[in-house]
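Structure, as structure tokens:
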Amino acid sequence: MSVQKKKRISKKNKSAWRKTDINDVEEYLEEQRQEERIGSFTEKADQELFKVDVIPAEPKKKILTEKQKRKLNAKKPLRSFQSLENTSKVQDPIVKRNIVKQKKSGRNIEDEVINPTKPRHIQANEDRAKTYAKVEEKLKKRATKIPDTNKDIWAEEDFRDKIPGLKDEKGWISKELATYHAQTMGMPVFKVHDSIRHKTTKAKKFEAPHPGTSYNPSLDDHLSLISNVVDKEEKIIKEEKHLKRVTTKMFSKVTPEERDRQHLKEMSAGMDDDDDENENGDENEEIDSKTSTKNDSHSTSSYSTPNPPVENKKKTKTARNKELRQKELQKKLEAKKALKKQTADLNRIKSLKSEVIAEEEELKELMKRRRKTEFKKKFEPKRLGRLKYNEPDQDVLMPEDLTGNVRNIKTQTSLLVDRFKNFQKRNILPVSVATGKQKAPKIKRFPRSSHKEPGVSHQMLREQRLAQKKLNIV
């Protein structure tokens, strides 16, 4: 095998210098720079290059939570300062550098605390130690203190009960004045906005269940529970029947042929009347034409138009006077009637008074009813979203399902569902409907035209992908 000789290229001009291949020289220099940065293999010890594998298998990595990951990342240096770190191992060519250390301006508190020289520094350290000792004593007392379990944490407390002299039974000292005095005296007073205490519903946080829902109820309690459930169901059935009666049962069922016939009859309802009108119109035109020919034969001088001219007939003076007298007489009659009504009203003042009082009472009752309804609406479950709140069904066990012990009792509801419904009732959460598992949209996959291999169809690619998936599963 003959070795190819290097081509001799003319290097007379500067442009011809680029033709020379210097890749081998560049690679050698790059290797040298790399060794300067990280060091060569000859300089490194065997422990750095090789590792003795003692553990047979790698231990499983501990799965960290998001919170733990965030804490670990917070300890790491910022990525924005990564460019300032010196990762190179190249030695500094200038060994002796004149590094000037700037003096810190101001006091060095750390030095004062560790090595106190002046008397004020020593005094400050003593005061600091006393305060720390007091804080430690308070923390120890708090740790050993037994909490009061009988105290209601949700009960509203009045700060005036703790400070003597601020709460007055006669009400001479207002709450605003008491808060002002408490704040000036250095007492901790936390003002809470009235909107926090404002209740939007009368629903209780925890309602005692019906005694009939017990695992071992008495006969009367169980019967009363069943009767309540039956009444509720009957009411629902009644409403459904009413809706069915006023909607579906109002219309009679007909066959498709009858329906088409009725539709045709409705659509062609006014067509017969139009035909009769057209026939009558033709007859009238014929009669008019006959009469016009007769009139033309009798007198050619007479002229008739569809809209004859209106004659300007003016009223005579006597007619006008008569009309004025009638108007004056009408006015006198109306005045007499009004006077007669006034006298009649004066005679029936007592009855009018009673009518006015009755109307006022009716208005007052109406206002009371409206206030009651408004007040009732204030504490009803509000419609926070699209859906309206409906009371959940009452849990009931039939006599054959009652066991008499908790171990064999048949569960009816969940505690989580009960609390969730209670939040909806108290206007904390909006009413929602369980949607279930949503179907993911089917994604259509196809290779791009630029990525297609010549002679390979879309079907073949799909088969290859399926085979690959099967291998991965195995």
Q) Given a 1.4 Å probe and every protein chain left where it sits, what share in percent of the accessible area of the range 120-175 is carbon and sulfur? A) 55 percent
Q) Under the classification rounded if a/c is under 1.5, otherwise prolate if a/b is larger than b/c and oblate if not, where does the range 328-453 fall, given a ≥ b ≥ c as square roots of the Cα gyration tensor eigenvalues? A) oblate
(Q) Compute the distance from the alpha-carbon center of the range 19-96 to that of the range 115-173, in whole Å. (A) 55 Å
Q: Apply the Karplus parameterisation 6.51 cos²θ - 1.76 cosθ + 1.60, with θ equal to phi minus 60°, to every residue of the range 129-145 and state each ³J(HN,Hα) to the nearest whole Hz, in sequence, with x for glycine and proline.
A: 5, 5, 4, 5, 5, 5, 4, 5, 4, 4, 5, 5, 4, 5, 5, 7, 5
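Which loop-located trypsin sites (Lys or Arg not before Pro) does the range 238-270 contain, where loop means any DSSP state but H, G, I, E or B and the Cβ has at most 14 other Cβ atoms within 10 Å?
On the way: sites: K238, K241, K244, R245, K249, K253, R259, R261, K265; in loops: K249, K253.
The qualifying sites are K249, K253.
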Q: Determine which lysines satisfy two conditions relative to K241: a Cα distance under 23 Å, and not lying fewer than 8 residues away in the same chain.
A: K232, K249, K253, K388
(Q) Per residue of the range 165-180, what does 6.51 cos²θ - 1.76 cosθ + 1.60 with θ = phi - 60° give for ³J(HN,Hα)? Whole Hz please, x for Gly and Pro, Karplus curve as stated. (A) x, 8, 8, 10, 5, 6, x, 6, 9, 6, 5, 5, 5, 5, 5, 4
Q. How about K439: which lysines have a C-alpha closer than 25 Å to its C-alpha, ignoring those fewer than 8 places off in the same chain?
A. K469, K470
Q) Which one of L402, A319, S351 is farthest out on the positive end of the charge dipole of the range 316-405, using unit charges on Cβ (Lys, Arg +1; Asp, Glu -1) and the Cα centre as origin? A) A319
Q: Give a residue-ordered list of calculated ³J(HN,Hα) values for the range 247-255 (Karplus: 6.51 cos²θ - 1.76 cosθ + 1.60, θ = phi - 60°; whole Hz; x for Gly, Pro).
A: 10, 6, 6, 6, 10, 7, 7, 10, 6
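Can you work out the accessible area per residue across the range 362-474, with the rest of the protein chains kept in place, probe 1.4 Å, in square angstrom?
96 Å²
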Q.
I'd like the carbon and sulfur percentage of the solvent accessible area for the range 292-424, probe radius 1.4 Å, heavy atoms only, ligands and nucleic acids excluded.
A. 55 percent
Q. Per residue, what accessible area does the range 165-204 have, given a 1.4 Å probe and all protein chains present, in Å²?
A. 91 Å²
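The values are calculated or read from the model by the stated rules, or taken from the named source; none is laboratory data. Since we're looking at a predicted model, the values are computed, not measured. Reconstructed Cβ throughout: ideal geometry from the backbone, glycine too, with neighbour counts over all protein chains shown. With ligands, DNA and RNA removed, areas are computed over all heavy atoms of the protein, side chains included. Shrake-Rupley method; radii C 1.70, N 1.55, O 1.52, S 1.80 Å.
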